[in-house]
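Input: a single structure, listed below in structure tokens.
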Amino acid sequence: MGTRLPLFPEQASTISAEVDHLLYFLMAVSIFFTLLIFGAIFYFAIKYRRRSEQELPHSVHTGWTLEIVWSVIPFGLTMIMFGWGASIFFRESRPPDNAMQIYAVGKQWMWKLQHMEGQREINELHIPINRPVKLLMTSEDVIHSFYVPDFRTKQDVVPGRYTTTWFEATKPGKYHLFCAEYCGTNHSGMIGWVYAMEPQKYQEWLNGGAAGSLSAAGGALFEDLACNNCHKPDGNGRGPSLVGVFGSTVKLAGGGTVRADEGYIRESILNPAAKVVEGYMADMPTFQGLITEENVVQLIEYIKSLGPRPGQGQPGQAAPAIAGSIPSNR
Ligand code: CUA
């Protein structure tokens, strides 16, 4: 089963072979029916050709059996395609819980990547093999698309929101990274490399950079931007405390709730009036245009670091519940 056509890109992720097998199936079905239909056209055209001027066609009555056969077989085949395709799609669109996260920002015309440990890369991405990697991606300008053919993965990167993709590389190597959405003059130059490394080598690579972690950078920014003036950890500031807020369910002014995920925090930084927390005024200034998408990511990581990743469903703002604990080392 491991054979592949030489035209195909390398199979370098856990999902590559599956995607290829589905494609082989689709190709086989298409080729079979193309040959069958064209064969039949030529065969019948010759067999039932008109032999004389006087020859008239007789009327034909098809039976139910035939109707049913040629409806049920294509139906069955398309359902197999649907079921098979959907199962791969679901697998591809749901990152495993133990995936390591890396942030990606697309920009005309480059890929900027940030690791949790603080390493930043442009048009290069270093990852360990045999470990699921989740990318949380956004764009600074127009729609781009993160595409690594050898991993059989492609996901649009959209300004104003986060999209995710994930993959698990299976062999060390250097794999092409493309932008697969036409995004302007240098779209074709928006390319790079993914370096899949043995875990040991990857660790060495990570340690090579002197950068501080993303959340540390976010913490410094949090103070530079004076966010801490209002978002006091004890909940007595003008804004809600952010301790433990990530992953919790936040009650909103005017009713309704929202899950505090990356998208919500990003929105609250760039468009604070969009969803105001119950009991607070909509008086936070916007940081749209003042900070980059990479800064937003750093702030998100800082806010994540402020509390446990709940999911234990503490309702409402986590603020008053966990008062007064500021992590000293951030
Ligand atoms: Cu970015 Cu094409």
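The values are calculated or read from the model by the stated rules, or taken from the named source; none is laboratory data. Please read all numbers here as calculations on a predicted model, not as lab measurements. Using ideal geometry, Cβ is built from the backbone for each residue, glycine included, and neighbour counts are taken over all protein chains shown. All accessible areas refer to the heavy atoms of the entire protein, side chains included, with ligands and DNA or RNA removed. Shrake-Rupley method; radii C 1.70, N 1.55, O 1.52, S 1.80 Å.
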As I understand it, the value is the acute angle between the Cα axis of helix 16-47 and the longest principal axis of the Cα atoms of the chain; what does it come to in degrees, rounded to 10?
20 degrees
If Lys and Arg each add +1 and Asp and Glu each add -1, what is the summed charge of the other residues whose beta carbon sits under 13 Å from the beta carbon of LYS275?
0
Accessible area in the full protein assembly, largest first, 1.4 Å probe, for HIS61, HIS144, HIS231:
HIS61, HIS231, HIS144
The long-range amide H neighbours of VAL276, using H built 1.01 Å from N in the peptide plane and a cut-off of under 5 Å, are ALA253
Tell me the chymotrypsin sites (Phe, Trp or Tyr not before Pro) within the range 32-88 that lie in a loop according to DSSP and have at most 14 other beta-carbon atoms within 10 Å.
TYR48
HN-Hα J in Hz across the range 164-176 - Karplus 6.51, -1.76, 1.60, θ = phi - 60°, x for Gly and Pro
10, 8, 8, 7, 10, 6, 10, 9, x, x, 10, 10, 5
Over 19 Å (Cα to Cα) - which of LYS107/LYS171; LYS112/LYS134; LYS134/LYS304; LYS134/LYS154; LYS171/LYS201; LYS174/LYS201 fall in this group
LYS107/LYS171
Pop out the carbon and sulfur fraction of the accessible area of the chain as a percent, whole number, probe 1.4 Å.
60 percent
For the range 289-303, what does the Karplus curve 6.51 cos²θ - 1.76 cosθ + 1.60, with θ = phi - 60°, yield as ³J(HN,Hα) per residue in whole Hz, taken in order and with x for Gly and Pro?
x, 8, 10, 8, 4, 5, 4, 4, 4, 5, 4, 4, 5, 5, 5
Under the rule of at least 5 residues apart or a separate chain, name every residue whose amide H is placed under 5 Å from the amide H of HIS231.
GLY239
Hey, what angle do you get for helix 64-93 against the long axis of the chain, alpha-carbon based, 0 to 90 degrees rounded to 10?
20 degrees
Please give the peptides 177-190, 89-102, 145-158 ranked by average Cβ packing (other Cβ atoms within 10 Å per residue), highest first, as a rough proxy for protection.
145-158, 177-190, 89-102
Asserting the computed 222 nm helical MRE of the chain (DSSP H runs at least 4 long, -39500 (n - 2.57) per run, divided by residue count, to nearest 500) equals -11000 deg cm²/dmol
Accessible surface of GLU18 in the full protein assembly, 1.4 angstrom probe, to the nearest 10 Å²?
60 Å²
Tell me the net charge near TRP84. Cut-off is 12 Å between Cβ atoms, TRP84 excluded, with +1 for each Lys or Arg and -1 for each Asp or Glu.
0
Can you order the peptides 275-284, 234-243 by their average number of other Cβ atoms within 10 Å per residue, highest first?
234-243, 275-284
Only Lys, Arg, Asp and Glu count, each charged at its Cβ (+1, +1, -1, -1), so figure out the dipole size of the chain about its Cα centre, rounded to 20 debye.
580 debye
The chain, relative contact order in percent, only Cα pairs under 8 angstrom and at least six apart counted
15 percent
Give the angle, between 0 and 90 degrees and rounded to the nearest 10, that separates the Cα long axis of helix 199-208 from the longest principal axis of the Cα atoms of the chain.
40 degrees
Fraction of antiparallel bridges per DSSP, the chain only, in percent to nearest 5
70 percent
Relative contact order for the range 30-175: what is it in percent, counting Cα pairs under 8 Å that are at least 6 residues apart?
18 percent
Rounded accessible area per residue of the chain, 1.4 Å, Å²
56 Å²
